[in-house]
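The values are calculated or read from the model by the stated rules, or taken from the named source; none is laboratory data. Since the model is a prediction, treat every value here as computed from it, not as a measurement. Cβ placement follows ideal geometry from the backbone for every residue including glycine, while neighbour counts extend to all protein chains displayed.
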Amino acid sequence: MEPCSATSHRGLVPWQGLLLAVSLLTSWTPPTAAQVTIESVPFYAAEGGDVLLLAKNLPENSRVYKWFKGDRSESTKEIAAYVVETSTATHGPAYSNRETIYHNGSLLFKNLTLQDSGVYTLHIIKEDYLSVEAFGQFRVLLVLPKPNITSNNSSPVEGEEPVVLTCEPETQNTTYLWWINGQSLQDSDRLKLSNDSRILTLFSVTRNDTGPYECENRNLVSGSRSDPFTLNIYYGPDDPIILPPETYFPLGTTLNLSCHAASNPAAQYYWLFNGSFLQSTQELHIPDISENNIGYYTCLANNSATGLSRSTVKTVIVAEVVKQPIIEASNTTVEEGGSVVLTCLSNDTGISIQWFFNDQQLQLTESMKVSQSSSILTIDPVKRQDAGEYQCEVSNAVSSSRSHPLRLEVICE
């Protein structure tokens, strides 16, 4: 049998067990307390607002909390201190009457200024007089003022001049957005934004670029939109339109013509008759027109702001109102199978003639013929269904007139 000492500790020799014990002792470390951290609530704060530097995982044996401006615990930068045992707070050289230190080591800033941005140090003195430090920081941003839009030219001429719109004022760390007609800005070859989007350039403006325009400024704590800005774009005149569109007008009536052209500012209008000036009005009224008023009427539209002029010519022809025609018949009572000739009599010239049967436009049958001028209607042979009332109507470009009815009787065998 082997000695018992030879197989102790599960087969390990005594010196091997000692080495294992030493190894375990040297590799084991006692648990450490959680590290002190500082949370900024919020990290980005608005000028004039509040921020809390919230201390977390404080040692249980904390004796004194001290806050310093900056990343070092220099006495000249001390803001405030808090003694845990007596629950008393004192103020340091960097105190600005806006800070409050709490029993849990947190520090509150009120009525922030832009200069408050930066790093702050929490210095903790424990009961064993050892110290721990933690760092927190926040950033104070400007509360942006309401923006406004300025322009290098608020009354540009269509197609000629670029327009530069600027969102004022310029502030750092600001995002700028633009809106046109209530819609966000769309990409276009005629639009260009500066690198910071604060300046909008419109190339070759058109009348459709009037707006309104709005700009918006934003940062992490604030934002607002400008009042609408509208461009007064000069354009036109376009080619004038003369109303009414008719060419023929009745003799003895009043000729009323009006001229319209798209233009900003409103166009000035001038009328010419056969090349001679008549008057400078948008509407033209000539009473009791006659053949002397036949000719070419020109409307000239002028825009003094754009320096452009456009004109349109209208032909006016004066014609007499036709008189009522008369129907003559070779016979008003005709036997079936016989023939009849109806003639439409009128002293007017340059007219067209139509025939009506029983108050409806006459539909010619195989037994009906009209002359080349349509003034003569021949029915041969007459049928019983041809009996009824006949009328003729004469017309020209300005008027028409229908005869009294002539009744044709057809005697059946």
- Run GLY49 past the list (1) under 30 Å from THR175 (Cα atoms); (2) part of a loop (DSSP other than H, G, I, E, B); (3) in contact with an Asp or Glu (Cβ under 9 Å, 6 or more places away or on another chain) and report the number of the one that doesn't hold. (3)
- Message: I'd like to verify a number: residues in the stretch 261-271 that are buried (at least 18 other Cβ atoms within 10 Å of the Cβ) and out of contact with any Ser or Thr (no Cβ under 6 Å at 6 or more places or on another chain), how many?
- Response: 6
- Message: Which count do you get for residues in the stretch 166-185 that are more than 18 Å from LEU231 (Cα to Cα) and not aliphatic (A, V, I, L, M)?
- Response: 8
- Task: Please go through the stretch 57-89 and pick out each residue that is without any contact (Cβ under 8 Å) to a residue 12 or more places away in the chain and either of a type in the set (A, V, I, L, M, F, W, C) or not in a loop (DSSP other than H, G, I, E, B) (or both).
- Result: THR88
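So in the stretch 377-413, with the set limited to residues that are part of a loop (DSSP other than H, G, I, E, B) and among the β-branched types (Val, Ile, Thr), which one is farthest from SER346 (Cα to Cα)?
Here the answer is VAL382.
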- Query: Of the numbered conditions (1) part of a loop (DSSP other than H, G, I, E, B); (2) without any contact (Cβ under 8 Å) to a residue 40 or more places away in the chain; (3) not β-branched (Val, Ile, Thr), TYR269 satisfies every one except a single condition; which is it?
  - Reply: (1)
- Within the group SER154, SER131, which residue is more than 30 Å from CYS215 (Cα to Cα) and modelled with pLDDT under 95? SER131
- Name the residue, out of SER62, SER73, that is closer than 17 Å to VAL119 by Cβ, surrounded by 12 or more Cβ atoms within 10 Å (Cβ to Cβ) and at pLDDT below 95. SER73
- Checked LYS126, LYS110 against criteria (basic (Lys, Arg) and modelled with pLDDT under 95); the one match is LYS126
- Exactly one of VAL316, VAL340 is surrounded by 18 or more Cβ atoms within 10 Å (Cβ to Cβ), of a type outside the set (Phe, Trp, Tyr), within 15 Å of VAL398 (Cα to Cα) and at pLDDT 95 or above, and that one is VAL316
